[in-house]
Amino acid sequence: MNSSTENNPSDLSSPAELLSRTFGFSSFRPGQEQVIDTLLAGRSAAAIFPTGSGKSLCYQLPALLLPGLTLVVSPLLALMKDQIDALRKRGVAAERLDSSLDEEEYRAVLEAIRGNQLKLLFVAPERLSNERFLNLIRTCRISLLAVDEAHCISSWGHNFRPDYLKLARAVEELQVERVLALTATATPQVATDMAAAFKIAEGDVVNTGFYRPNLELRVTACTDKERPGLLLERLRARPPGPTIVYVTLQKQAEDVADRLTEAGFQAKPYHAGLKSEVRQRTQEAFMAGEVPIICATIAFGMGIDKADIRYIYHYHLPKGYESYMQEIGRAGRDGERSVCELLACAQDRIVLENFVYGDTPDPENLRDLVKELLQGDPAIDLSVHEISRRFDIRNLVVNTLLTRLELLGVIRAEGPYYADIRFAPKCSSKEMLSHYPDAQKNFLQTLFRCCRKAQKWITLDMEAAQAQTGQDRGVVLRALQSLETKGLVDLQMAGYRLRYRRLEEQPDLEALADRLGGIFAEHERREIERIDRILDYAASETCLTAKLLAYFGETIEPCGHCGLCLGDPPAKGQPADESLEVEIPSRFSELVQENPTALARPRQQARFLCGITSPAVSAVRGLRGNPLFGTLSNRPFEKVLQACGG
């Protein structure tokens, strides 16, 4: 856990020396030195760099020169393994804290944090809403908070996440000394939002531009039937090289990989539905060159540091410019020519749109949820998972709704907590108490009197403990965590809940529900616009590179190396066939009657028929596996909704 003496800042004269000695580079890439100098001067900064251009060094290097801990927040924590492993090999004390760690690993990381042994700690954004973690990290000096995928903080961005809005508040609560916001996909509006949220001065936003002259962008129009043969044709015609084939759905990743394997290629699927050990083996095999072709959903590639990816094929349409830029950015990081080809089938639009519509809550469910939250006691105590299931609104959407109510000044968050706290002693209470001086011993004895004992686990009554000790939850938790750190107990916390306080005495619930419904409808509209733009890109009659970069505020002359500049004809494909009739299966009404909670409302029915899962459907055993699920997945959601009476 201890960092190498080689990385002791006092032994180093400058960032350049550290760059060479620890990271093995002779010079900085564009933008890196400016960002690092800004951070070392004590100011916050933003790094808007293309994928693969060295954003991670902008926090890794300062972390070794700053006195405290560098906390790295990433929504893709499971995919940061390569980066953490590389840091350890360089003698840098870096760890991650996530649910994949076993008990021994988890405890070792906690001990390293308490002992100030780490230089970098990687966590997911949700971790900064975790009561136990916050109690621990408040004891640390956080010299730098690095926020990966920082575009998620902007509602104008393509991947808005409500947890990111809370990061700005966490910066103040944890007394973070400086912030680094990182992204590869920020439009001018998103960059402005990022800078405002983290109080980054305009001159400290470093944007190196998005142009990659070694990427050869191509688009080929095709039908769904033509697509498999077209991919095989491309793979056979071009020199072999590491390849990623991006698909939309998990099943498609497996189908395409199977088809390529049958055709004599070495290909493996990669998606979130596979077991973690299978994904890890696949990733490692690709990195080692043992598997040259990965057929994957969009998550693959995040955090992957493989410089020689020669081909990126989008087997299906990406969901927007931002996604496309991020995904093609994984090609050619070594600067060598790489081909990024989009197999453009307009019929893909229906699947992409259906996913967008699936996130929009049913208006009646939204209205009922607002009433439950804001009527009655001003103290609000809830479980997001429970709310999600009861009102059939996805967890992320519930979190977004709560964050919106906070931003509107209707409620105020009072922090998350665990409703169930218990511990299993590894020795007698007498031996436990022998490890503490009298004052702490007396405190623990009082806690023990507030517990309910079972055969193995001892459950703490937190309210009684606070009343008896006169201390708040944080002090009580730290006492229990101390027992865990000393190896005297196994500590478990469950029943994660959120507390809010209603700020308005009598809010207009109908008006609020309408306003929130309008916000979700606006989000839906923007996401549909993103799909429209990517279809417009696919049909472009001018330079593909210039058209893509213009969206991000960068202007170039025709690049001379994309498909259109090299003489390809514009990819004018057939529009999506939306004239197909929508016929509700005859047996569906019977299924609705059998499942009134999951399928009562028209939007719920439309989601089910379009193959879009929901919390209420997932809660009914076997319902998602019903043969009727997804029977209208090739029909536009709006038409299916209309046929269901919506």
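Throughout, read-outs are computed from the coordinates displayed, never taken from laboratory work. These numbers were taken from a predicted model, which means no experiment stands behind them. Counting neighbours? That spans all protein chains shown, and the Cβs are built from the backbone with ideal geometry, glycine included.
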Under 5 Å, built H, 5+ apart or other chain: amide partners of VAL205: ALA46
Residue order, fewest to most beta carbons within 10 Å, for THR545, THR139: THR139, THR545
Unit charges on C-beta of K, R, D, E only; dipole of the chain, Debye: 1380
Separation of the GLN468 and LEU433 label points, Cα + 7 Å toward Cβ, nm: 1.2
Mean Cβ neighbour count within 10 Å, used as a protection proxy, ranking 89-98, 49-58 highest first: 49-58, 89-98
Separation in nanometres of the label points that stand 7 Å from Cα toward Cβ, at ARG169 and GLU505: 2.4
Amide H within-cut-off set for VAL72, under 5 Å, with H built and near neighbours excluded: LEU121, PHE122, VAL123, ALA146
Kirkwood Rh, Cα atoms: Rg over Rh of segment 487-646: 1.14
Highest average packing first - 236-242, 291-297, 226-232, Cβ atoms within 10 Å: 291-297, 226-232, 236-242
Calculated over segment 412-540: convex hull of Cα atoms, volume per residue (Å³): 207
For segment 588-643: Kirkwood Rh in Å [reciprocal of mean 1/r, alpha carbons]: 11.0
Extension gain from GLU590 to GLU638, taking 0.36 nm per residue of separation minus the Cα-Cα distance: 15.0 nm
Overall Cα dimensions of the chain, principal axis frame, Å, largest first: 82, 70, 48
Cα-Cα over 25 Å, subset of LYS119/LYS441; LYS426/LYS453; LYS275/LYS306: LYS119/LYS441
Rg/Rg_globular for segment 309-437, with Rg_globular taken as 2.2 N^0.38 Å and Rg from C-alpha atoms: 1.77
Segment 207-293 pair-distance distribution - Cα-Cα, 5 Å bins, rounded %: 3, 11, 20, 23, 18, 13, 9, 3, 0
In order through segment 143-154: 3J(HN,Hα) via Karplus (6.51 cos²θ - 1.76 cosθ + 1.60), integer Hz, x for Gly, Pro: 6, 8, 10, 9, 9, 7, 6, 5, 4, 5, 7, 9
Cα-centred dipole magnitude for segment 421-577, charges only on beta-carbon of K, R (+1) and D, E (-1), debye, nearest 20: 1620
Viscosity 1.567 mPa s, temperature 4 °C, Stokes-Einstein D of segment 5-207 from Kirkwood C-alpha radius, µm²/s: 76
Compactness of segment 465-578 - radius of gyration and Dmax, Cα, Å: 28.6, 80
Order of GLU504, GLU33 - criterion: other Cβ atoms within 10 Å of each residue's Cβ, fewest first: GLU504, GLU33
Signed unit charges on C-beta, dipole axis of the chain, positive-most listed residue GLY495, TYR321, ILE421: ILE421
Farthest positive-ward along segment 588-643 dipole, Cα basis, beta-carbon charges - from SER614, ALA643, VAL592: SER614
In Å, descending, principal axis extents of the Cα set of segment 490-530: 51, 36, 12
Other-chain or far-sequence residues with amide H under 5 Å of ALA344's (modelled H): THR220, ALA221, CYS222
Diffusion coefficient, µm² s⁻¹, Stokes-Einstein with Kirkwood Rh over alpha-carbon pairs of segment 444-514 at 25 °C and 0.890 mPa s: 164
Listed peptides 366-377, 306-317, 584-595 by packing density, highest first (mean Cβ within 10 Å): 306-317, 366-377, 584-595
Helix-only [θ]222 nm of the chain, DSSP H runs n ≥ 4, -39500 (n - 2.57) each, per residue, nearest 500: -12000 deg cm²/dmol
Ascending count of other beta-carbon atoms within 10 Å, so fewest first, for HIS151, HIS271, HIS523: HIS523, HIS271, HIS151
